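To start, the structure under review is shown below, and the notes come after it.
The values are calculated or read from the model by the stated rules, or taken from the named source; none is laboratory data. All values derive from a computational prediction rather than experimental measurement. For neighbour counting, all protein chains shown are included, and Cβ atoms are generated from backbone atoms with ideal geometry for every residue, glycine included.
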């Protein structure tokens, strides 16, 4: 799947209701509700690399760590550092995921637990960073997505997720996350991705807003890395 993220800033209640009614008229498969936490950390300027201790009083470079924890990825956190290096951290063992009926593609292999490589009881990665790595990273922002809905269309080839976005308790807009099967893309360039998602926006009556379908590497698409890259671009308040 290839993603795009759209933010409709300060969307009115009427706009949001009309959009949900429009999607409902398309007779989608409803996949429940969802929410997300998006956190922004900045490197501690006084955490200086050993090789620079003698010559610098603060770190010469500002770095940013972004974490995204969407509820549809159970017990998993997507991370991005300086919009270059991405990863996914999970704390749910496969056998536990199966018992809960959760997807297992991002779960910890059972043999890791059996061999003592993990307890399966680790804290979520964003919590671990905030609590255990304070000397390296300082949390700057927490952006929440609440009241989200998931719509599946076109025989499962298109998924549209909507969520209200809040910063410090203040409503910032309506976020729309669009996931489309690669077979529906009109090409393999960012320009063709934009054309594809603009076509979807027009077809399903998605309100106009700031659309981001940029990717880390157009030649090596990364489902989760590209997604958090788009969040880091759109949720730049």
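A few points about this structure:
- Take the conditions (1) touching a residue at least 24 places away in the same chain (Cβ under 8 Å); (2) over 20 Å from residue 36 (Cβ atoms); (3) in a loop (DSSP other than H, G, I, E, B); residue 72 misses just one of them, which is (2).
- When the stretch 135-173 is filtered for residues that are in a loop (DSSP other than H, G, I, E, B) and free of Cβ contacts under 8 Å to residues at least 12 places away in the same chain, the ones remaining, listed by number, are 168, 169.
- Selected residue (criterion: farthest from the chain's Cα centre (by Cα)) from residues of the stretch 88-115 that are touching a residue at least 24 places away in the same chain (Cβ under 8 Å) and assigned to a strand (DSSP E or B): 93
- If you filter the stretch 188-199 down to residues that are in contact with a strand residue (DSSP E or B) (Cβ under 9 Å, 6 or more places away or on another chain) and surrounded by fewer than 20 Cβ atoms within 10 Å (Cβ to Cβ), you find that the one that is nearest to residue 11 (Cα to Cα) is 198.
Condition check ((1) more than 20 Å from the chain's Cα centre (by Cα); (2) assigned to a strand (DSSP E or B)) across all residues:
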| position | (1), (2) |
| --- | --- |
| 175 | no, yes |
| 183 | yes, no |
| 207 | yes, no |
| 215 | no, no |
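- Against the conditions (1) surrounded by fewer than 20 Cβ atoms within 10 Å (Cβ to Cβ); (2) modelled with pLDDT of 85 or more; (3) more than 20 Å from residue 236 (Cα to Cα), residue 49 satisfies every one except (2).
- Criterion: touching a strand residue (DSSP E or B) at 6+ places or on another chain (Cβ under 7 Å), closer than 18 Å to residue 85 by Cα and modelled with pLDDT under 95 - qualifying residue of 227, 221, 185: 221
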